[in-house]
1. Output the residues belonging to the stretch B:289-303 that are of a type outside the set (A, V, I, L, M) and facing another protein chain (nearest Cβ under 7 Å).
2. I'm trying to understand the selection: among the residues of the stretch A:234-263, which are free of Cβ contacts under 8 Å to residues at least 12 places away in the same chain, assigned to a loop (DSSP other than H, G, I, E, B) and open to solvent by 60 Å² or more (accessible area, probe 1.4 Å)?
3. Hey, could you check the stretch B:233-247 for residues that are in contact with an Asp or Glu (Cβ under 9 Å, 6 or more places away or on another chain) and at pLDDT 95 or above and say which is nearest to B:Leu301 (Cα to Cα)?
4. Mind checking which pairs have a first residue in the stretch B:24-42 that is modelled with pLDDT of 95 or more and a second that is open to solvent by 40 Å² or more (accessible area, probe 1.4 Å) and among the hydroxyl-bearing types (Ser, Thr, Tyr), Cβ under 8 Å, 6 or more apart or different chains?
5. Which ones in the stretch B:144-158 are within 15 Å of B:Asn168 (Cα to Cα) and open to solvent by 30 Å² or more (accessible area, probe 1.4 Å)?
6. From B:Leu141, B:Leu179, which residue is touching a Lys or Arg at 6+ places or on another chain (Cβ under 8 Å) and more than 14 Å from chain A (Cβ to nearest Cβ)?
7. Hey, among the residues in the stretch A:264-278 that are more than 12 Å from chain B (Cβ to nearest Cβ) and not in a loop (DSSP other than H, G, I, E, B), which one's most open to solvent (accessible area, probe 1.4 Å)?
8. Being of a type in the set (Gly, Ala, Ser), outside any loop (DSSP other than H, G, I, E, B) and open to solvent by 10 Å² or more (accessible area, probe 1.4 Å) is the filter; apply it to the stretch A:220-233 and report the residue that is nearest to the other protein chains (Cβ to nearest Cβ).
Protein chains: 2
Amino acid sequence: MAERIAILGAGAIGLYYGARLALTGQDVHFLLRSEVDTVRARGITLHTKGRTETLFPVSVSRSAREIGPVDLVFVTLKATANDHLAELLPPLLGPQTLVVTLQNGLGNEEVLARWVDRGRILGGLCFIACMRVAPGEVNCLHVGSITLGEYDRPPSDRTRRVAGLLENAGVPCRCVDSLAEARWRKLVWNVPFNGLSVAAGGITTDVICADPYLAGEVRALMEEVRAAAHALGFDVPAAFAQKQFDVTPPMGAYQPSSLVDFKAGRPLEVDAIWGEPLRRAQAAGVSTPRLALLHALLQRLTPA
Amino acid sequence: MAERIAILGAGAIGLYYGARLALTGQDVHFLLRSEVDTVRARGITLHTKGRTETLFPVSVSRSAREIGPVDLVFVTLKATANDHLAELLPPLLGPQTLVVTLQNGLGNEEVLARWVDRGRILGGLCFIACMRVAPGEVNCLHVGSITLGEYDRPPSDRTRRVAGLLENAGVPCRCVDSLAEARWRKLVWNVPFNGLSVAAGGITTDVICADPYLAGEVRALMEEVRAAAHALGFDVPAAFAQKQFDVTPPMGAYQPSSLVDFKAGRPLEVDAIWGEPLRRAQAAGVSTPRLALLHALLQRLTPA
């Protein structure tokens, strides 16, 4: 039987995963704002490495009340839009609804816990390279995978059910024992590369890696993130950080999502990627001076 | 008897001090480039708090050989132009010539020592608020003072002779036992405020002080500079840093010189203000992570 799914947030990630789930038989409802008419008229088009698929018709709505309670909500809003959850989320919730945040950084599960029982909150880290090229149209360069976990507990049948839906939709999934550890691991890359790409004046990752001073700062920031994670009880080996560095130069002139946001004049996810990790490091008594400086600069540089 | 003086560098500082020395009877020669014709035709005009003085005629030259050996050279080039010293300085040197660098940051005396005997090198820190408003025209908002010292030795009669010339020209002078310590003290302000004003997107000092995160970073950077200075044997008390912070908010929307340079598309004095202090801190085994990150960002942000 098809799962009733709501997609909250219509950026590249929400459109891509939502459409793939719908194309493989799930009952997917998109909560959109400005793009409702376009998507209703033309559907959602995905370009994946030269292959084009169109989902039509699409169930789209401007109002969460119109959609009503679902089995599963994917939250794909920018973390900077979390203030809207108070209005958008509650109408989608039934007593068994699972909510999966696919957002960046730390603190998003905690925000969801204001409305959802902790046992029904999941989180996913998306390793995907895609961009929204027009309303309802996404270009996916690299499908990658999703790392899934539960909020503050190991994976259960629920996690595996969500993973199964995504796998069936062509998205490889990996369930992890500790979502929090997975999030800290992702920060090992995001804190330095997303941050320096903006703070150093709008440069791509290849430029960062080729600059001996900035490359040194990447490594030092990675060490600060590792130290904070370690103090909080998470295992992020030095070899993992080394690998995160090593995979970057081959990516070429890659624009981290924060740089894409910055260039488009959109607010950066400053709190999720730098602010909350900094507060947790401080609470754990770990000194992270570079993270503190980078956070202070980015909260000033972010478009309002 | 008038001293024969050469002014090397025709920014606001060189024009201001040079013209004041000439107006009080010294034999001053300006080494200029693009502005030679204008200054020769119109002289140098100083606006000092509502009072206007004009020096005319002015001895200006494009070539150091035309000027020849002098008693005293004031180096007021940007530290970023030090490469030109190899051509500009030697023709001005006689066996007794004193050379006073009024440049920012660390490392300028060492550059001069390539051509000048260490015992004839002096340095000065200019506490002045002035700007060049047109070729040969300077607006001085605050005359302030100069702190003078000798390179690697206490002040001598030479220092007092130079101080006397400046005092006589209306510029209060203070001779200090340790020029190096005075330079580290000035860095307590310059490292954070010049750096953050640029790295945080082009903001004035009042905005920095009013931002709780950036104000915290100012204090932390001041502590790093103090720690480095201390390890190198210089005394920079905590109360001194506190005072450097406290005097800043009353300055209002002040643009540090690096911000002025940045907005004008001129190279920043990255090496003198951040690079050389960082190297000396590292050589002394002092950890200055914020200085390292700020330096890495600024060397990327500086106009080429």
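The values are calculated or read from the model by the stated rules, or taken from the named source; none is laboratory data. Small disclaimer: the values here were computed from a predicted structure and weren't measured. Positions of Cβ are generated from backbone atoms using ideal geometry, with glycine treated the same way; all protein chains shown enter the neighbour counts. Heads up: the accessible areas ignore ligands, DNA and RNA and are worked out on the full protein's heavy atoms, side chains in. Shrake-Rupley method; radii C 1.70, N 1.55, O 1.52, S 1.80 Å.
1. To start, the set of residues in the stretch B:289-303 that are of a type outside the set (A, V, I, L, M) comprises B:289-290, B:295, B:299-300, B:302-303.
Once the filter is applied, which keeps residues that are of a type outside the set (A, V, I, L, M) and facing another protein chain (nearest Cβ under 7 Å), the stretch B:289-303 yields B:Pro289, B:Arg290, B:His295, B:Gln299, B:Arg300.
2. Here is the first cut: in the stretch A:234-263, the residues free of Cβ contacts under 8 Å to residues at least 12 places away in the same chain are A:237, A:239, A:242-243, A:246-247, A:250.
When the remaining residues are screened for being assigned to a loop (DSSP other than H, G, I, E, B), the result is A:237, A:247.
Selection gives A:Val247 alone.
3. Within the stretch B:233-247, the subset in contact with an Asp or Glu (Cβ under 9 Å, 6 or more places away or on another chain) is B:233-236, B:238, B:241.
Those still in the list that are at pLDDT 95 or above too: B:233-234, B:236, B:238, B:241.
Working: B:Gly233: 32, B:Phe234: 31, B:Val236: 29, B:Ala238: 31, B:Ala241: 27 Å.
Restricting to residues being in contact with an Asp or Glu (Cβ under 9 Å, 6 or more places away or on another chain) and at pLDDT 95 or above, the top hit is B:Ala241.
4. Filtered contacts from the stretch B:24-42: B:Asp27/B:Ser59; B:Val28/B:Ser59; B:His29/B:Ser59; B:Phe30/B:Ser59.
5. Once the filter is applied, which keeps residues that are within 15 Å of B:Asn168 (Cα to Cα) and open to solvent by 30 Å² or more (accessible area, probe 1.4 Å), the stretch B:144-158 yields only B:Ser145.
6. Details: B:Leu179 fails: touching a Lys or Arg at 6+ places or on another chain (Cβ under 8 Å).
One residue alone meets the criteria, B:Leu141.
7. Filtering first and then ranking leaves A:Glu276.
8. Looking only at the stretch A:220-233, we keep the residues that are of a type in the set (Gly, Ala, Ser), and these are A:220, A:227-229, A:231, A:233.
If we keep only those that are outside any loop (DSSP other than H, G, I, E, B) as well, we get A:220, A:227-229, A:231.
Adding the requirement that they be open to solvent by 10 Å² or more (accessible area, probe 1.4 Å) leaves A:220, A:227, A:231.
Working: A:Ala220: 7, A:Ala227: 12, A:Ala231: 17 Å.
Within the stretch A:220-233, the match that is nearest to the other protein chains (Cβ to nearest Cβ) is A:Ala220.
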